[in-house]
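Working notes, structure below.
The values are calculated or read from the model by the stated rules, or taken from the named source; none is laboratory data. What you see is a predicted model; the values in this text were computed from it and never measured. Using ideal geometry, Cβ is built from the backbone for each residue, glycine included, and neighbour counts are taken over all protein chains shown.
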Amino acid sequence: MLLKTSGFELSGEKELKMSTIRTEALTHIYSTSTPFESVAINNINIEIDQGEFVGLIGHTGSGKSTFVQHLNGLLAPTSGKVCFDGRDVNSSKAFRHDIRFKVGLVFQYPEYQLFEENVYKDIAFGPRNMKLSTVETDERVREAAGFVGVPESIFDKSPFELSGGQKRRVAIAGVIAMRPKILILDEPTAGLDPEGCAAILNNICRYREATGATIILVSHSMEDVARIAERLVVFDRGTIAMDGTPADVFSRAEELRRIGLDIPAVTDIALHLRELGVDVPECCYCVEQLHDAILKLKGGAAPC
């Protein structure tokens, strides 16, 4: 079976079930053997399958960003390894270079990395580095721009003339244009207004639905990850403290608070309602769930 969507090609079920990223005892220590030595991540063992939507959450300094920078070889482990489709990312310089086109990483505030004279050239930078033809590069630029909502009418504009939200979309489009099998986004909505945040997250979901790509979203926003991620991985002091569905993770509200994390506002409201004797589910983590639970209590039916 071959699925074609907007120029992307996805192979059949066998490949989609293949594990694309696996870490084995992954450890990274900054400033080794100096007075400033710091263990950023310690003995991380995790497997992420093709097509998963994973949210990474944790307080500042918990190791999230250090972890994701290992997944495409930007950082080399102090010990342990990262495997992509069964092969060690750091097995050779050539493979590590190739991985950066297959595992796309969008940094926090990616708009600061824009540098070309116009929007088109910025989005085209990755495909050109892949040595693609002019025709294929053009196809990918227009396709990626469409996914993130960058109109072709601004292709000739300098990226520095754009709004913050537009710059963010252009930067994300530049990574998407390489058609990575895994798309990693480190706080992609940081600093944006609510409308801009919603637009970026909706674009990411559209991209995943159309391509079947694996998405790894690093976020401080419990509401964002609760709404769109299927699996949550919680980092605490360089280790994985929790790994499960949003329902699994947010049902452990007190543990999350102990490690310095908030819970979604909806979950907090649901917990208070339960304390007051209202029979709502133990773990509501999005507005729709709480809305349906309250309608059910009133004897109403949730709208289709």
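Table for the structure above
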| quantity | calculated |
| --- | --- |
| So residue 239, is it surrounded by 18 or more Cβ atoms within 10 Å (Cβ to Cβ), closer than 20 Å to residue 72 by Cα, hydroxyl-bearing (Ser, Thr, Tyr) and modelled with pLDDT of 95 or more | no |
| Top-ranked residue in the range 57-72 [being part of a helix (DSSP H, G or I) and under 13 Å from the mean Cα position of the chain (by Cα); ranked as nearest to residue 257 (Cα to Cα)] | 64 |
| Matching option when the condition is at pLDDT 95 or above and exposed (fewer than 15 other Cβ atoms within 10 Å of the Cβ), among 47, 24, 9 | 47 |
| Subset tally (residues that are of a type in the set (Val, Ile, Thr) and either under 17 Å from residue 24 (Cβ atoms) or over 21 Å from the mean Cα position of the chain (by Cα) (or both)) for the range 107-125 | 1 |
| Residue match in the range 106-126 (condition: in contact with a Leu (Cβ under 7 Å, 6 or more places away or on another chain) and at pLDDT below 95) | yes |
| Those residues of the range 129-145 which are within 26 Å of residue 163 (Cβ to Cβ) and out of contact with any helix residue (DSSP H, G or I) (no Cβ under 6 Å at 6 or more places or on another chain), in sequence order | 138, 142, 143 |
| Pick from the range 110-135, criterion among the polar types (S, T, N, Q) and in a helix (DSSP H, G or I), ranking: farthest from residue 200 (Cα to Cα) | 134 |
| Contacts under 8 angstrom Cβ, first residue in the range 247-261 being without any contact (Cβ under 8 Å) to a residue 12 or more places away in the chain, partner among the β-branched types (Val, Ile, Thr) and not in a helix (DSSP H, G or I), 6 or more apart | 257/263 |
| Boolean, residue 98 is touching a strand residue (DSSP E or B) at 6+ places or on another chain (Cβ under 7 Å) and either of a type in the set (Asp, Glu) or at pLDDT below 95 (or both) | no |
| Sole exception among (1) in contact with a strand residue (DSSP E or B) (Cβ under 7 Å, 6 or more places away or on another chain); (2) of a type in the set (S, T, N, Q); (3) surrounded by 19 or more Cβ atoms within 10 Å (Cβ to Cβ) for residue 245, by number | (3) |
| Meets criteria (at pLDDT 95 or above, aliphatic (A, V, I, L, M) and more than 20 Å from the chain's Cα centre (by Cα)) for residue 54 | no |
| Scan of the range 189-213 for residues that are of a type in the set (Gly, Ala, Ser) and in a helix (DSSP H, G or I), ordered by number | 196, 198, 199, 210 |
| Residue satisfying all of: in the range 147-188; among the acidic types (Asp, Glu) and outside any helix (DSSP H, G or I); nearest to residue 105 (Cα to Cα) among these | 186 |
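One line per residue, one yes/no per condition, for (1) more than 25 Å from residue 217 (Cβ to Cβ); (2) under 20 Å from the mean Cα position of the chain (by Cα); (3) in a helix (DSSP H, G or I):
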site	(1), (2), (3)
90	no, no, no
100	no, yes, yes
105	no, yes, no
137	yes, no, yes
